[in-house]
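> Quick one: this structure, given as structure tokens, is what I'll be asking you about.
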Amino acid sequence: MRAILSVSNKAGVTDFARGLRSLDVELYSTGGTKKAISEAGIKVASISELTGFPEILDGRVKTLHPSVHGGILARRDVPEHMAAIEEAGIATIDLVVVNLYPFVETVTKSGVTLEDAIENIDIGGPTMIRSAAKNYESVAVIVDPRDYERVLEQLKSGSFGVKERLELALKAFQHTASYDTAIAQYLCEETFPEHMTIALEKAYGLRYGENPRQSACFYAMQDVKTTDKGLSAMVHLNGPEISYNNLLDFDSALNTLAAFSRPTVAVLKHTNPCGLASRDSLAEAYVLALSGDPVAAFGGVVACNRPIDMATAEEINKMHFDAVIAPDFAEDALVLLSQKKSLRMAKVPFPTAEDDRLEFRHVRGGLLAQTRDFVAEDELTPKQVSAKAATPTELEDMLFAWRAVKAIKSNAIAIVKDSVLLGMGAGQPSRVESVALALKKAGDQVAGAVMASDAFFPFADGPQLALDAGVAAFIEPGGSVRDNEVIEAVDAKGAAMVFTGMRHFRH
């Protein structure tokens, strides 16, 4: 039995090579892999001894040779194949152990050049992997060091058969597919290229999906153009396992809080922020966020864009939540909150700004892809359309409300006062119904508050409800054929209105 070992990730390779030699497997290797195996006192020959040809072009060509690929690809059950390699003096190769140049690790480093990236595109490795995987009935291919021990045990016990080789081949093809995807991602400059592949790696299984009868797991997406790993970098600190619905809420929390630079707390329920507040004190922001809808908040998710300190933890500890996430937790805060065994807690790196990665949504037969929504600079200086100008305080609240309403599902309405979300309406088929819901939630605090609408008011009925309740200022995109009727209703009450010129619809 003969094996070729050529790995970039050398974890465990010497122990594996030692195990193979104990089974009288002939070993052939390249460059750094051969050096590591030899220095461990294990007998290994150079690939050049197999091919009769030296490595050339600074190592770019070493395994691209008939003596390698003929020995891998020859079908043992085809006499003509066996006769051909015998005539050519080629020996069969039975095991290929290869993992590839660290392309992803290289291109995600700061300051990497295109030349660095190109030099880390592996050619010989993927070719050997694909050759061995294609001929899996006779040849085993290993791309993952975690498989070394299992394969050795199966070889020793004689249980290493076609089924096991097929499993390894499938993993190998996926390995090269992900590798090629990373290269294409790095080199591509188009937002929506003609062809696109997406590389996913199973992070962990989930108990179930949105409902108990649905199976589910979490896949981490490979993206070589960003260092923001999002939920794939999450660290679970306490409580039951993270659920499918938790992850949806966590994602919504990240998207919500990315728009806020001050210490901000969001309370999420069914992916909508039902509470949101900004203050210099995180504990105060939490208390005010909770006040927005303490009934809906029960059993929800608390998200903070700053590390949770003891003062904030003490306030959170007074309420029942399903989960709490933050960039970090002070040690005493973690100890306190961990006393609740049913409370899920997780460290999640929060984005410092809204990124430009594509968003995907599965539909039957394909994927919808779009760039992420964000609040542009010109929206932060909206156009006054009412007779009365907004006060500086009202304008500050309107901009807070504008960032908040972007995170709420349409038809979305947000009522804000003093950088606190007092009430919101979401997901209603009629915008006026969302206004009524938001007013109901805000209650008697609505007087002097501001209102944001994610899309234009199609009629004056929604603003009129809000005006009658005491709303003092409005921010919306504008663009309705009835904009004048809406503005007239606002002017009649002596309120203020600004248009941003951009909607933030979240379907």
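The values are calculated or read from the model by the stated rules, or taken from the named source; none is laboratory data. Keep in mind it's a predicted model, so treat the numbers as computed, not measured. All Cβ positions, even for glycine, are placed from backbone atoms using ideal geometry, and neighbour counts span all protein chains on display.
> Go through Glu315, Glu331 for me and flag whichever is in contact with a helix residue (DSSP H, G or I) (Cβ under 8 Å, 6 or more places away or on another chain), outside the structural domain of Lys440 (by TED's automatic domain parsing) and of a type in the set (Asp, Glu). Write out each step before concluding.
On the way: Glu331 fails: in contact with a helix residue (DSSP H, G or I) (Cβ under 8 Å, 6 or more places away or on another chain).
Residue meeting the stated conditions: Glu315.
> Next up: If the requirement is being farther than 15 Å from Pro327 by Cα, modelled with pLDDT of 95 or more and surrounded by fewer than 18 Cβ atoms within 10 Å (Cβ to Cβ), which of these qualifies: Gly300, Gly209, Gly239?
Numbers: Gly300 fails: surrounded by fewer than 18 Cβ atoms within 10 Å (Cβ to Cβ); Gly239 fails: surrounded by fewer than 18 Cβ atoms within 10 Å (Cβ to Cβ).
Every option except Gly209 fails the conditions.
> With the condition kept exactly as written, say whether any residue in the range 56-76 is in contact with a strand residue (DSSP E or B) (Cβ under 9 Å, 6 or more places away or on another chain), in contact (Cβ under 8 Å) with a residue 24 or more places away in the chain and small (Gly, Ala, Ser).
First, pick out the residues of the range 56-76 that are in contact with a strand residue (DSSP E or B) (Cβ under 9 Å, 6 or more places away or on another chain): 62-63, 68, 71-72.
From what is left, the residues that are in contact (Cβ under 8 Å) with a residue 24 or more places away in the chain are 62-63, 68, 71-72.
Among the residues that remain, those that are also small (Gly, Ala, Ser) are: 71.
Among the residues of the range 56-76, at least one is in contact with a strand residue (DSSP E or B) (Cβ under 9 Å, 6 or more places away or on another chain), in contact (Cβ under 8 Å) with a residue 24 or more places away in the chain and small (Gly, Ala, Ser), which makes the answer yes.
> Let me ask something else about it. Could you grab the pairs with beta carbons closer than 7 Å, sequence gap of 6+ or different chains, first residue in the range 466-489 and assigned by TED's automatic domain parsing to the domain that holds Val450, second one among the charged types (D, E, K, R) and buried (at least 16 other Cβ atoms within 10 Å of the Cβ)?
Leu467/Lys493; Ala472/Glu394; Ala473/Glu394; Pro477/Arg503
> On the given criteria, is Lys134 among the basic types (Lys, Arg), more than 27 Å from Gly31 (Cα to Cα) and in the same structural domain as Arg76 (by TED's automatic domain parsing)?
Numbers: among the basic types (Lys, Arg): yes; more than 27 Å from Gly31 (Cα to Cα): no; in the same structural domain as Arg76 (by TED's automatic domain parsing): yes.
Taking the combined requirement at face value, the residue does not satisfy it.
> Next question. Test of understanding: among Ala266, Ala182, which residue is modelled with pLDDT of 95 or more and touching a helix residue (DSSP H, G or I) at 6+ places or on another chain (Cβ under 7 Å)? Break it down into steps so the answer makes sense when it comes.
Numbers: Ala182 fails: modelled with pLDDT of 95 or more.
Criteria check complete, one pass: Ala266.
> Then there is this: Scan the range 7-18 and report the pairs whose first residue is assigned by TED's automatic domain parsing to the domain that holds Arg150 and whose second residue is of a type in the set (Phe, Trp, Tyr), with Cβ atoms within less than 8 Å and a gap of 6+ or a chain change.
These pairs meet every condition: Ser8/Tyr101; Gly12/Tyr148; Val13/Tyr148; Asp15/Tyr148; Phe16/Tyr148.
> Give the residue, chosen from Ala438, Ala452, that is under 19 Å from Phe400 (Cβ atoms), outside the structural domain of Val287 (by TED's automatic domain parsing) and part of a helix (DSSP H, G or I).
Numbers: Ala452 fails: part of a helix (DSSP H, G or I).
Of the residues listed, the single one that is under 19 Å from Phe400 (Cβ atoms), outside the structural domain of Val287 (by TED's automatic domain parsing) and part of a helix (DSSP H, G or I) is Ala438.
> Just give me the residues in the range 55-90 being surrounded by fewer than 17 Cβ atoms within 10 Å (Cβ to Cβ), among the hydrophobic types (A, V, I, L, M, F, W, C) and assigned to a loop (DSSP other than H, G, I, E, B), in sequence order.
Correct list: Leu57, Leu64, Val78, Ala88.
> Continuing with the same structure: So Ala216 fits all but one of (1) among the small types (Gly, Ala, Ser); (2) loosely packed, with under 13 Cβ neighbours inside 10 Å; (3) not assigned by TED's automatic domain parsing to the domain that holds Arg21; what number is the exception?
(2)
> Only one of (1) under 22 Å from Leu152 (Cβ atoms); (2) of a type outside the set (Phe, Trp, Tyr); (3) at pLDDT 90 or above; (4) out of contact with any helix residue (DSSP H, G or I) (no Cβ under 6 Å at 6 or more places or on another chain) fails for Ser8. Which number is that?
Among (1) under 22 Å from Leu152 (Cβ atoms); (2) of a type outside the set (Phe, Trp, Tyr); (3) at pLDDT 90 or above; (4) out of contact with any helix residue (DSSP H, G or I) (no Cβ under 6 Å at 6 or more places or on another chain), Ser8 violates only (3).
> Which residues, taken from the range 382-399, are over 20 Å from Asn255 (Cα atoms) and either acidic (Asp, Glu) or modelled with pLDDT under 95 (or both)? Walk me through it before giving the result.
Narrowing the range 382-399 to residues over 20 Å from Asn255 (Cα atoms): 382-396.
Within the range 382-399, Glu394, Glu396 meet the criteria.
> Could I ask something else about it? Do the conditions hold for Tyr286, that is, is it out of contact with any His (no Cβ under 7 Å at 6 or more places or on another chain), touching a residue at least 24 places away in the same chain (Cβ under 8 Å), crowded, with 23+ Cβ neighbours inside 10 Å and aromatic (Phe, Trp, Tyr)?
Values: out of contact with any His (no Cβ under 7 Å at 6 or more places or on another chain): yes; touching a residue at least 24 places away in the same chain (Cβ under 8 Å): yes; crowded, with 23+ Cβ neighbours inside 10 Å: yes; aromatic (Phe, Trp, Tyr): yes.
Answer is yes for this residue.
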